[in-house]
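Heads up: the structure comes next, in structure tokens.
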Amino acid sequence: ETEERILRMLAPNHVKGLTLLGGEPFEPQNQPAIVSLLRKVKAAYPEKSIWAFSGYLFDQDILPGRLGDPEITREFLSYLDVLVDGPFIEARKNLSLRFRGSENQRLIDVPASLTAGEVVLWSDWQSQGKGLKK
């Protein structure tokens, strides 16, 4: 029922994508349900972007498969366009940053990072034309 509601909410053309945040999407117990939802989102709306925010680090925690079933984590990553990784740190808070709250957080281009096998930072869609599907 919740998945169907989310899919209906994504239907309008002015909705450009889905962002996963709040709690921790990459906690092992959360991943199977999120992957189930993302499969349906990508099948119904392949043009919509999917972003996620995580307090975990992409290259140290997520990509190496340290958070639950590595196959589920890898599938989860395959649906993401951008991952904002790293915990919010009050001492590094910076309100001038786009899409993140503290200077330690990174905006990662997930497809490019998976292809390269290393972290590739996301290029701003306004200047580079990637990362956010129009």
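The values are calculated or read from the model by the stated rules, or taken from the named source; none is laboratory data. Because the structure is predicted, anything quoted here is derived from the model rather than measured. Because the Cβ atoms are built from the backbone with ideal geometry, glycine has one as well, and the counts that use them run over all protein chains shown. Surface areas here come from the heavy atoms of the whole protein model, side chains and all, with no ligands, DNA or RNA. Shrake-Rupley method; radii C 1.70, N 1.55, O 1.52, S 1.80 Å.
Things worth noting here:
- The one condition in (1) in contact with a helix residue (DSSP H, G or I) (Cβ under 9 Å, 6 or more places away or on another chain); (2) of a type in the set (Gly, Ala, Ser); (3) surrounded by 15 or more Cβ atoms within 10 Å (Cβ to Cβ) that Ala112 fails to fulfil: (1)
- Residue list for the range 38-60, restricted to those being open to solvent by 20 Å² or more (accessible area, probe 1.4 Å) and either part of a helix (DSSP H, G or I) or among the charged types (D, E, K, R) (or both): Arg39, Lys40, Lys42, Ala43, Ala44, Glu47, Asp59, Gln60
- Within the range 13-27, restricting attention to residues that are open to solvent by less than 50 Å² (accessible area, probe 1.4 Å) and part of a loop (DSSP other than H, G, I, E, B), the residue that is farthest from Arg100 (Cα to Cα) is Val15.
- In the range 1-12, residue most open to solvent (accessible area, probe 1.4 Å) [restricted to those that are free of Cβ contacts under 8 Å to residues at least 24 places away in the same chain and of a type in the set (Asp, Glu)]: Glu1
- Identity of the residue in the range 61-97, more than 16 Å from the chain's Cα centre (by Cα) and part of a helix (DSSP H, G or I), that ends up nearest to Ala11 (Cα to Cα): Glu71
- The range 7-44, residues that are over 16 Å from Tyr79 (Cα atoms) and of a type in the set (A, V, I, L, M, F, W, C): Met9, Ala11, Val15
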